[in-house]
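Undergrad: Structure incoming, see below.
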Amino acid sequence: MAYFPFFVDLEGKRGIIVGGGSVALRKAEQLLAYGALLTVAAPEIRPELWELPGITVVRGPFDAELLRGADFVIAATDDDELNRHVSCLCGERRIPVNVVDNRELCSFLFPALLKRGSLSVGISTGGASPTAAVYLKKQIGELLPPGLEDILAYLGGVRDEVRAVVPGEENRSLLYSHLFTACMEKGGPLSREEFRSLLEETSCQTPTISDGTEKNEGG
């Protein structure tokens, strides 16, 4: 059965990575981009992990006390027994755990990630073929239009104003759709004049839209 893709806010969440090799490094780099607070623990730590900003490095054998207060754990060692032990401890403590290359020991899977600003695409084959997931990630990345990151940042920035001046969910949905289409056609964010023009154009289709100002009956 396929896995359902939850999207979780990791800002400020405490994650533990057990292992200090290349896999641990890759996971750490991906998680840091989402604001996680990471502790990496292993007897041997790659130099690159020491250099990552915002990471706590614990050099030494795994200690179960590291799991205290953890929001999620990744076991990324080459020791199958240790990985299994970490998975069991997390299960007892109800801590979400991912064990690299062992789906049976995971309570969540780590997808192939594609990130463009606020856009995140997570691809999983349910553990059947990580290679296929990476391939699909590359294909999707090539399909994304240039300027999409700036467009999404712009659309997120005008949401409060749209909510303030456009009553009704259906009206707002229509305007959001028009804004996105206009940005895609332009290849970037709209100017203030273009935004106001589109707002007025949409208001003709949805008379309940207001420009946020009071008007006299004759105006």
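The values are calculated or read from the model by the stated rules, or taken from the named source; none is laboratory data. Since the model is a prediction, treat every value here as computed from it, not as a measurement. Note: ideal-geometry Cβ built from the backbone for every residue, glycine included; neighbour counts use all protein chains shown. Keep in mind that these areas ignore ligands, DNA and RNA; they rest on the heavy atoms of the full protein, side chains included. Shrake-Rupley method; radii C 1.70, N 1.55, O 1.52, S 1.80 Å.
Undergrad: In the range 60-86, whose amide N lies under 20 Å from the spot 7 Å out along Cα-to-Cβ of Glu44? List them in ranges.
TA: Zone members listed by number: 60-63, 75-84.
Undergrad: Could you give the longest part of the chain that holds none of the chymotrypsin sites (Phe, Trp or Tyr not before Pro) found in DSSP loops with at most 10 neighbouring Cβ atoms within 10 Å?
TA: Within the chain, the longest run free of exposed chymotrypsin sites (Phe, Trp or Tyr not before Pro) spans 8-219.
Undergrad: If Asp79, Asp101, Asp150 are ordered by their accessible area, calculated over protein heavy atoms with a 1.4 Å probe, which sequence runs from highest to lowest?
TA: I get Asp101, Asp150, Asp79, largest accessible area first.
Undergrad: Suppose only helical runs count, i.e. DSSP H with n ≥ 4. What mean residue ellipticity at 222 nm does that imply for the chain under -39500 (n - 2.57) per run, divided by all residues and rounded to the nearest 500 deg cm²/dmol?
TA: -13500 deg cm²/dmol
Undergrad: Can you check what the net charge comes to around Leu109, using other residues whose Cβ is under 12 Å from the Cβ of Leu109 (Lys, Arg +1; Asp, Glu -1)?
TA: -1
Undergrad: If you don't mind, another one. Label-point separation (nm) for Glu142 and Glu161, each offset 7 Å from Cα along Cα-to-Cβ?
TA: Calculated label separation equals 3.8 nm.
Undergrad: Provide the FRET efficiency to the nearest 0.05 for the Tyr34-Ser173 pair, computing r from the beta carbons and using R0 = 30 Å.
TA: Given R0 = 30 Å and the Cβ-Cβ separation, E is 0.60.
Undergrad: Restrict the search to the range 37-132; then list the GluC sites (Glu not before Pro) that DSSP places in a loop and that have at most 14 other Cβ atoms within 10 Å of their Cβ.
TA: Loop-located and lightly packed - Glu44.
Undergrad: How much of the accessible area of the chain, probe 1.4 Å, is carbon plus sulfur, in whole percent?
TA: Its accessible area is 53 percent carbon and sulfur atoms.
Undergrad: Against the longest principal axis of the chain, how steep is helix 192-205, in degrees 0 to 90 to the nearest 10, with axes from Cα atoms?
TA: So the inclination is approximately 70 degrees.
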